[in-house]
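Below you'll find the structure, written out as structure tokens, and then a few comments.
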Amino acid sequence: MSSSFENHLQAETMRFSCFWLVVSNGVGLLLAFLLVFPGAGQVMGILTYGRWMPLHMEWHLYGWCSLPLLGLLMKEFLGTSKNGIGESRFALLAWSMGLIAGGVAFLSGHASGKLFLSWSGFSRVFFPLSLCVVWSVLATAWIRDWRNPAYSGWRSIFRALILLVLAGVPLALYYASSGSIYPPVNPGSGGATGHSLLASSLGILGLFGIIPFLLGLIKRPSAMHKVFWISFALSWMGYQLIQHGSVPNTEQDQIIGLGSLMGMTPVLILYYNAWQWPEGTRPWRIAFFIWWSVLAVSGWITFLPGTLDSMKFTNGMVAHAHLAMAGMITAFNFILMASLSKTTRVPEAGCFGGWHPFILWNLACACMVSVLLIQGVREGLNPAVLFGPDSLTLTVYALRMIAGVCMFIASVWWLRSVWKLKKI
């Protein structure tokens with residue numbers, strides 16, 4: 001794989017990813033402003049708060065949170081293609097066109113109302129079709145490399161399995177976005193079951209585990225390479241032993257099963273330290289470890305009986321979502337994007353992306369999560385604080401808006417700096 005392709009792929013992936021981070025943050029900032037100044041919504045006509053909300057969520061999840069992973073897939077599949085640079089740009093454009101179609105549909109009033117599955121109307125067809133186009137680019141590259149000795153044997157099989165799994169994503173997304181289909185919810189608690197939360201978390205852990213292999217990182221001498229996968233396998237065995245179905249969160253096996261994720265946290269940290277990562281990723285790895293640890297502990301506490309009853313349907317859940325996406329996933333995305341090229345030049349020594357936006361983003365994110373959590377506790381104790389005049393609620397929303405301004409500035413900073421990587 002040529003360094004010129006890797007450099008281009010890294011620059012293009014960051015360019016598209018940071019663009020969607022900026023626009024989705026911009027929508028989020030608009031929403032935060034409307035919460036502080038609701039009267040401003042009158043000048044927006046039919047473009048109400050409810051029509052803007054899906055853009056903020058879907059563009060974050062399927063834009064900023066997803067495109068770095070697409071960059072990783074293109075690194076794996078397009079590295080030997082003569083037209084790899086053009087194909088990678090085409091795939092990023094196709095994906096982005098699907099996101100734009102979604103935005104048009106949402107602002108037109110076509111949204112399913114389901115969190116992170118708002119695709120409705122023409123966007124419910126258009127976005128999955130965009131994913132099919134991206135899949136066809138990867139599949140074509142796999143067929144071209146069929147006789148390439150570098151991709152024979154187990155690696156060819158592994159790539160085929162990736163394509164097989166990805167082939168079902170557009171149909172699954174179309175199906176799950178239906179207004180008649182709902183995600184599994186425990187009727188006894190009003191929230192997700194312990195086994196479903198554990199399964200999804202272990203799936204993410206497995207993804208974290210294989211990414212160093214896909215990036216082609218060099219192993220450091222350590223027993224943690226085996227320890228991680230043994231622990232991961234034991235966690236899946238534990239998942240099989242707990243009850244499945246609509247099991248209330250009062251059952252001990254659900255509590256213990258979900259709590260086992262906290263045991264995997266130090267294992268993940270030591271496992272990642274057993275790889276040689278590119279220059280400038282250390283600050284982001286530390287941030288990733290901190291956000292993941294806080295997410296695992298706070299998620300388990302929120303699931304506990306009594307806590308879940310008071311925190312569900314409050315800003316406490318909004319805090320948890322920002323902790324996961326703005327905190328953990330953002331940190332991980334910068335680790336991933338910095339590792340797409342072996343010849344990365346760090347714009348500012350010591351931190352990929354620069355120290356200033358790194359500090360600004362993480363401090364603002366911590367502030368936002370904290371004030372939303374405080375508000376969530378207040379709402380759980382007294383739901384009336386969310387309705388009518390309440391000075392402390394208004395203060396919380398104002399602090400949230402200020403934090404949003406800081407995060408928006410950091411995202412624009414990153415988008416501006418990515419043009420430097422384009423020249424490498």
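The values are calculated or read from the model by the stated rules, or taken from the named source; none is laboratory data. Please read all numbers here as calculations on a predicted model, not as lab measurements. Note that we place each Cβ from the backbone using ideal geometry, even for glycine, and neighbour counts take in every protein chain shown.
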Please determine whether any residue of region 336-345 is out of contact with any strand residue (DSSP E or B) (no Cβ under 7 Å at 6 or more places or on another chain), over 18 Å from Gly63 (Cβ atoms) and free of Cβ contacts under 8 Å to residues at least 60 places away in the same chain. no
Look at Ser118 and say whether it is over 19 Å from the mean Cα position of the chain (by Cα) and not in a helix (DSSP H, G or I). no
Single residue of region 231-256 satisfying the filter (touching a helix residue (DSSP H, G or I) at 6+ places or on another chain (Cβ under 8 Å) and of a type in the set (A, V, I, L, M, F, W, C)) that is nearest to Leu268 (Cα to Cα): Phe232
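Which of the residues belonging to region 250-309 are assigned to a helix (DSSP H, G or I), among the charged types (D, E, K, R) and out of contact with any Leu (no Cβ under 8 Å at 6 or more places or on another chain)?
Arg282, Arg285, Asp309
So that you can scan it fast, the table gives a plain yes or no per residue for (1) modelled with pLDDT of 95 or more; (2) touching a helix residue (DSSP H, G or I) at 6+ places or on another chain (Cβ under 9 Å); (3) closer than 17 Å to Val418 by Cβ:
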site: Ser3; (1), (2), (3): no, no, no
site: Val22; (1), (2), (3): yes, yes, yes
site: Phe33; (1), (2), (3): yes, yes, no
site: Met44; (1), (2), (3): no, yes, no
site: Leu67; (1), (2), (3): yes, yes, yes
site: Phe77; (1), (2), (3): no, yes, no
site: Gly86; (1), (2), (3): no, no, no
site: Leu99; (1), (2), (3): yes, yes, no
So Val134, is it part of a helix (DSSP H, G or I), within 20 Å of the chain's Cα centre (by Cα), among the aliphatic types (A, V, I, L, M) and on the phi < 0 side of the Ramachandran plot: yes
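Taking Val396, is it touching a helix residue (DSSP H, G or I) at 6+ places or on another chain (Cβ under 6 Å) and at pLDDT below 95? Spell out how you get there, then give the answer.
Working: touching a helix residue (DSSP H, G or I) at 6+ places or on another chain (Cβ under 6 Å): yes; at pLDDT below 95: no.
Criteria not met by Val396.
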Taking first residues from region 391-415 that are without any contact (Cβ under 8 Å) to a residue 40 or more places away in the chain and second residues anywhere that are among the acidic types (Asp, Glu) and surrounded by fewer than 23 Cβ atoms within 10 Å (Cβ to Cβ), the pairs with Cβ under 9 Å that are 6 or more apart or on different chains are Thr393/Glu379
